[in-house]
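Undergrad: Pasting a structure below so you can have a look.
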2 protein chains.
Amino acid sequence: MRLSIRRGTMLLLCVFGLYIAGKALYKVFMCQSRLARSRKVSVLVKGSNQTRFRYSHLSPMVFVGGVPRSGTTLMRAMLDAHPLIRCGEETRVIPRLLGLRQGWKRHGEERQILEDEGVTQETLDAATIAFLLEIIARHGEPAPMLCNKDPFTLKSSIYLSDIFPNSKFILMLRDGRASVHSMISRRVTIGGFDISSYRDCLTKWSHAIEAMLFQCTLVGPNRCLTIRYESLVLQPRTTMVKVLRFLGVPWHEGVLHHELAIGQPGGVSLSRTERSTDQVIKPVNLEALTRWVGHIPADVLEDMENIAPMLSRLGYDPGANPPDYGQPDPEVINNTEKVLRGEFKLPANLKRPSHESMSKASRPRG
Amino acid sequence: MRLSIRRGTMLLLCVFGLYIAGKALYKVFMCQSRLARSRKVSVLVKGSNQTRFRYSHLSPMVFVGGVPRSGTTLMRAMLDAHPLIRCGEETRVIPRLLGLRQGWKRHGEERQILEDEGVTQETLDAATIAFLLEIIARHGEPAPMLCNKDPFTLKSSIYLSDIFPNSKFILMLRDGRASVHSMISRRVTIGGFDISSYRDCLTKWSHAIEAMLFQCTLVGPNRCLTIRYESLVLQPRTTMVKVLRFLGVPWHEGVLHHELAIGQPGGVSLSRTERSTDQVIKPVNLEALTRWVGHIPADVLEDMENIAPMLSRLGYDPGANPPDYGQPDPEVINNTEKVLRGEFKLPANLKRPSHESMSKASRPRG
């Protein structure tokens, strides 16, 4: 009799124990799935090595930009050489969507109509986040830190910093005379820039960089870093140390040899249509630093101060042709000698297919 | 001694039982979350009654469209009056995103560049789906069947039917002379239409409806249904029976009295800026059916066959002013008398605020 009582209590204890364990695990499961549901837009991407990455508007992200021909491709290639970061080619579609969005946001009229139509700014933001995430996440191999380089996205830094709270921004600065000479000599058509005129391009350059710098300043130094193209090519090590520290990723020697990572899995993927491809296949070098000197019409040189007021504001002496950009590191001099010896040729798979497609590539990007 | 052995076995059983229970529940949790992960873009919306709806590209969806001033608002209002369907006001942003997407899809040049940049058509579709889902799902109260009405979206029926495999399309047809008279007399500016000229508007109407009808035909009769505005107002019951059967939703008497659902929870939400609002607050009536007669210049009337070839293709006799649109149901005659007695006034909250905002509302939609 006493025995069966003991057995009874034991059985009761078992049942009770099972009940408690079940309840606990059920709670875990519920909370997990509620977590998943409450999550805003998120994108899942499977890497070639089958690892899965999930990205949301809270994921860390880098936006690299600036006026075209200011070293944005070099910067993103050096970041692409870091195992934890993936940038990839220009998407071209992101600036256009941001253009639409800014239109709906800015213009009081249109904004009022949309509110009347029941399309709130929150809804538009959710839709924009969803679109941008899909593009950026699926644009290449997934990586712990995603990066996007479409030069003009930095016109929207304030908005992007708002919808992606953990994003950071790298604004490339360069002597406008060099950027403009590059546009004109390489016939890189950019929306709004008349590449037959140094005067017009330098004016537009000044306006564009002023707008981007304004946004960068408002986003603040913790989230927007300005990098000079000149420092990047003269002192790549110190510059990239600064960049990676800003991004909060560990140092990786590979970023100083991006040319070795081209076409490598998880390395640097290049586009046949982008105009910088034949340059970034080479190691960091000084080839392009002062190539502009001697190409700018005299009347434009005389009037430089007024045509491009941002030159002096950025510390580029508008009267000096060229100004002193600083001292190069030894390895850069060494790289430049190799480049001048013509040691780096464009691989066939990166050659721009036909003259026709060259005309395509040079369609407006702005 | 025998007792303690029994106790021991009991304890072992308990531990074993707990282990099994734990493992089972863990499996349930894992499979659930894997399910969630494998899901493509999806949007979760919470209704005012706290019910949660999750939408994906596989959700059933209705797109209502046609040339503006063809009864698209009346149709969506009648569908809004159905408890299982929510359309809501025009979003205005969806046609613009579709415009961008079509550009990237159609033009071989741009398409080739995007492929070179590593932005595949699949990526662009995923991004477009994500954007459209966010807008459509968050545009109003969630419902089992979502609906969108932006007249010109039906220019993209083929593409939409492809990215939303369970979507259906309702293309509104109307005597172009009536649509055009409505645009011109109510000064509804539409992208590309010169509302100072009957000839121009009738030409554009003919082109637009031809393009939409072409897309509708390719999508096929199981997924795209054409509805005449004239049938909708003359025989609302038989027409809506046909529509709801096509959509696969049960009949609901409320769709014949959309005016009673205006402003009701889960009912019809109207916009202050849309030009049809002052009309759809009234029950289905014949007011607008033949209002165009006597307003079209003689030279345009004579040349009607050539200006708007789609008239005869759609069965609207271009020589008859007006043609015989058919016999009205008794309740419609009754409604029309009430309307003519002026029994339906625009509520203050739906009045268009100021002349200024009227100019806003009449900005191009195409």
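The values are calculated or read from the model by the stated rules, or taken from the named source; none is laboratory data. Worth saying up front: this structure is predicted, and the values here are computed from it rather than measured. Neighbour counts run over all protein chains shown; Cβ positions are idealised from the backbone, glycine included.
Undergrad: Hey, any hits in the range B:49-56 for a residue that's surrounded by 24 or more Cβ atoms within 10 Å (Cβ to Cβ) and not aliphatic (A, V, I, L, M)?
TA: Within the range B:49-56, none of the residues are surrounded by 24 or more Cβ atoms within 10 Å (Cβ to Cβ) and not aliphatic (A, V, I, L, M).
Undergrad: Give the range A:173-198 a look and list any residue that's under 15 Å from A:Met304 (Cα atoms) and surrounded by fewer than 16 Cβ atoms within 10 Å (Cβ to Cβ), or say none.
TA: Passing the criteria: only A:Ser197.
Undergrad: Quick one: B:Cys201 ticks every box in (1) surrounded by fewer than 24 Cβ atoms within 10 Å (Cβ to Cβ); (2) free of Cβ contacts under 8 Å to residues at least 24 places away in the same chain; (3) of a type outside the set (S, T, N, Q) bar one, so which box is it?
TA: Failed condition: (1).
Undergrad: A further question follows. Residues that are part of a loop (DSSP other than H, G, I, E, B), away from chain B (no Cβ under 11 Å), under 25 Å from A:Gly220 (Cα atoms) and among the small types (Gly, Ala, Ser): does the range A:77-84 have at least one?
TA: no
Undergrad: Going by the structure shown, is A:Asp162 surrounded by 23 or more Cβ atoms within 10 Å (Cβ to Cβ), over 15 Å from the mean Cα position of the chain (by Cα), acidic (Asp, Glu) and over 24 Å from A:Ser269 (Cα atoms)?
TA: Here the answer is no, as A:Asp162 does not meet what is asked.
Undergrad: Continuing with the same structure: (1) touching a helix residue (DSSP H, G or I) at 6+ places or on another chain (Cβ under 6 Å); (2) modelled with pLDDT under 95; (3) among the β-branched types (Val, Ile, Thr); (4) assigned to a helix (DSSP H, G or I): which one isn't true of B:Val28, the others all being true?
TA: Here B:Val28 meets the rest and fails (1).
Undergrad: Give the residue, chosen from A:Thr273, A:Thr189, A:Thr238, that is more than 16 Å from the chain's Cα centre (by Cα) and assigned to a helix (DSSP H, G or I).
TA: A:Thr238
Undergrad: What tally of residues in the range A:95-119 results from selecting those that are over 19 Å from A:Ile158 (Cβ atoms) and aromatic (Phe, Trp, Tyr)?
TA: The total comes to 0.
Undergrad: So for the range B:163-180 (the condition being in a loop (DSSP other than H, G, I, E, B), away from chain A (no Cβ under 14 Å) and in contact with a Phe, Trp or Tyr (Cβ under 7 Å, 6 or more places away or on another chain)), does at least one residue qualify? Steps first, answer last, please.
TA: Within the range B:163-180, the subset in a loop (DSSP other than H, G, I, E, B) is B:164-166, B:174-175.
Imposing the further condition that a residue be away from chain A (no Cβ under 14 Å) reduces the set to B:164-166, B:174-175.
Subset that is in contact with a Phe, Trp or Tyr (Cβ under 7 Å, 6 or more places away or on another chain): B:174-175.
Within the range B:163-180 (the criterion being in a loop (DSSP other than H, G, I, E, B), away from chain A (no Cβ under 14 Å) and in contact with a Phe, Trp or Tyr (Cβ under 7 Å, 6 or more places away or on another chain)), the answer is yes, since at least one residue qualifies.
Undergrad: Those residues that are among the polar types (S, T, N, Q) and over 19 Å from B:Arg96 (Cβ atoms), I need them from the range B:116-152; list them, please.
TA: Scanning the range B:116-152 gives B:Thr120, B:Gln121, B:Thr123.
Undergrad: Hey, does the range B:256-277 have a residue that's touching a Ser or Thr at 6+ places or on another chain (Cβ under 8 Å), at positive phi and surrounded by fewer than 19 Cβ atoms within 10 Å (Cβ to Cβ)?
TA: Yes, the range B:256-277 has at least one match.
Undergrad: Looking at A:Asp299, A:Asp329, A:Asp324, can you tell me which residue is at pLDDT 95 or above, among the acidic types (Asp, Glu) and surrounded by 13 or more Cβ atoms within 10 Å (Cβ to Cβ)?
TA: Step by step, each of A:Asp299, A:Asp329, A:Asp324 is checked, and only A:Asp329 is at pLDDT 95 or above, among the acidic types (Asp, Glu) and surrounded by 13 or more Cβ atoms within 10 Å (Cβ to Cβ).
Undergrad: Are any residues in the range A:229-256 within 14 Å of A:Phe169 (Cα to Cα) and not small (Gly, Ala, Ser), and if so, which ones?
TA: A:Lys242, A:Val243, A:Leu244, A:Arg245, A:Phe246, A:Leu247, listed by residue number.
Undergrad: Going through B:Glu210, B:Glu230, B:Glu305 one at a time, which residue ends up being crowded, with 19+ Cβ neighbours inside 10 Å and farther than 21 Å from B:Met145 by Cα? Steps first, answer last, please.
TA: Numbers: B:Glu210 fails: crowded, with 19+ Cβ neighbours inside 10 Å; B:Glu305 fails: crowded, with 19+ Cβ neighbours inside 10 Å.
That would be B:Glu230, the only listed residue that is crowded, with 19+ Cβ neighbours inside 10 Å and farther than 21 Å from B:Met145 by Cα.
Undergrad: What residue, of B:Arg101, B:Arg69, B:Arg111, B:Arg106, is farther than 21 Å from B:Gly266 by Cβ, more than 13 Å from every other protein chain (Cβ to nearest Cβ) and over 16 Å from the mean Cα position of the chain (by Cα)?
TA: Just a single option satisfies the conditions, and that option is B:Arg106.
Undergrad: Those residues that are in contact with a helix residue (DSSP H, G or I) (Cβ under 9 Å, 6 or more places away or on another chain), in a helix (DSSP H, G or I) and polar (S, T, N, Q), I need them from the range B:192-235; list them, please.
TA: Listed by number, the residues that qualify are B:Thr203, B:Ser206, B:Gln215, B:Ser231.
Undergrad: What number of residues within the range A:276-308 are over 17 Å from A:Lys345 (Cβ atoms) and part of a loop (DSSP other than H, G, I, E, B)?
TA: Looking only at that region, the number is 14.
Undergrad: Anything in the range B:209-228 that is more than 11 Å from B:Ser157 (Cβ to Cβ) and without any contact (Cβ under 8 Å) to a residue 24 or more places away in the chain? List them, or say none.
TA: Within the range B:209-228, B:Pro221, B:Asn222 qualify.
Undergrad: Which residue out of A:Ser167, A:Ser206, A:Ser231 is over 14 Å from the mean Cα position of the chain (by Cα), farther than 30 Å from A:Asp299 by Cβ and touching a residue at least 40 places away in the same chain (Cβ under 8 Å)?
TA: A:Ser231
Undergrad: Taking the residues in the range B:125-145 that are more than 7 Å from every other protein chain (Cβ to nearest Cβ) and in a helix (DSSP H, G or I) as candidates, determine which candidate is surrounded by the fewest Cβ atoms within 10 Å (Cβ to Cβ).
TA: Going through the qualifying residues, I end up with B:Asp125.
Undergrad: Kindly evaluate A:Lys155 against the criterion of being of a type outside the set (A, V, I, L, M, F, W, C), in contact with a strand residue (DSSP E or B) (Cβ under 6 Å, 6 or more places away or on another chain) and either away from every other protein chain (no Cβ under 14 Å) or over 15 Å from B:Leu97 (Cβ atoms) (or both). Spell out the reasoning first.
TA: Values: of a type outside the set (A, V, I, L, M, F, W, C): yes; in contact with a strand residue (DSSP E or B) (Cβ under 6 Å, 6 or more places away or on another chain): no; either away from every other protein chain (no Cβ under 14 Å) or over 15 Å from B:Leu97 (Cβ atoms) (or both): yes.
No.
Undergrad: Of all residues in the range B:309-348, how many are assigned to a helix (DSSP H, G or I), in contact (Cβ under 8 Å) with a residue 60 or more places away in the chain and closer than 21 Å to B:Leu256 by Cα?
TA: Result for the range B:309-348: 2.
Undergrad: Could you please let me know if A:Asp299 is more than 25 Å from A:Glu343 (Cβ to Cβ) and acidic (Asp, Glu)? Quick ask: steps written out before the conclusion?
TA: On the way: more than 25 Å from A:Glu343 (Cβ to Cβ): yes; acidic (Asp, Glu): yes.
Yes; evaluated as a whole, the condition is true for this residue.
Undergrad: Still on this structure, I have one more. Filter the range A:49-66 down to residues that are out of contact with any Phe, Trp or Tyr (no Cβ under 6 Å at 6 or more places or on another chain) and away from chain B (no Cβ under 14 Å) and give me whichever is farthest from B:Phe131 (Cα to Cα). Step through it out loud before you land on a result.
TA: First, the residues of the range A:49-66 that are out of contact with any Phe, Trp or Tyr (no Cβ under 6 Å at 6 or more places or on another chain): A:49-56, A:58-60, A:62, A:64-66.
The next check asks that each one be away from chain B (no Cβ under 14 Å); those that pass are A:49, A:58-60, A:62, A:64-66.
Values: A:Asn49: 29, A:Leu58: 18, A:Ser59: 19, A:Pro60: 21, A:Val62: 22, A:Val64: 24, A:Gly65: 24, A:Gly66: 27 Å.
Checked the range A:49-66; the qualifying residue farthest from B:Phe131 (Cα to Cα) is A:Asn49.
Residue-wise test of (1) at pLDDT 95 or above; (2) of a type in the set (A, V, I, L, M).
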residue	(1), (2)
A:Met61	yes, yes
A:Arg69	yes, no
A:Leu79	yes, yes
A:His82	yes, no
A:Trp104	no, no
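Undergrad: Just to be sure before I move on: is B:Leu160 at the interface with chain A (Cβ under 9 Å from one of its Cβ atoms), closer than 30 Å to B:Asp80 by Cβ and at pLDDT 95 or above in the structure I sent?
TA: Here the answer is no, as B:Leu160 does not meet what is asked.
Undergrad: A follow-up question, please. Looking at the range A:257-266, can you tell me whether even one residue there is within 22 Å of A:Leu154 (Cβ to Cβ), of a type outside the set (Asp, Glu), in contact (Cβ under 8 Å) with a residue 40 or more places away in the chain and in contact with a strand residue (DSSP E or B) (Cβ under 9 Å, 6 or more places away or on another chain)?
TA: Quick first cut of the range A:257-266, residues within 22 Å of A:Leu154 (Cβ to Cβ) only: A:258.
Right, trim to of a type outside the set (Asp, Glu) and you get A:258.
Retained after the next criterion (residues that are in contact (Cβ under 8 Å) with a residue 40 or more places away in the chain): A:258.
Among the residues that remain, those that are also in contact with a strand residue (DSSP E or B) (Cβ under 9 Å, 6 or more places away or on another chain) are: A:258.
Yes, some residue in the range A:257-266 is within 22 Å of A:Leu154 (Cβ to Cβ), of a type outside the set (Asp, Glu), in contact (Cβ under 8 Å) with a residue 40 or more places away in the chain and in contact with a strand residue (DSSP E or B) (Cβ under 9 Å, 6 or more places away or on another chain).
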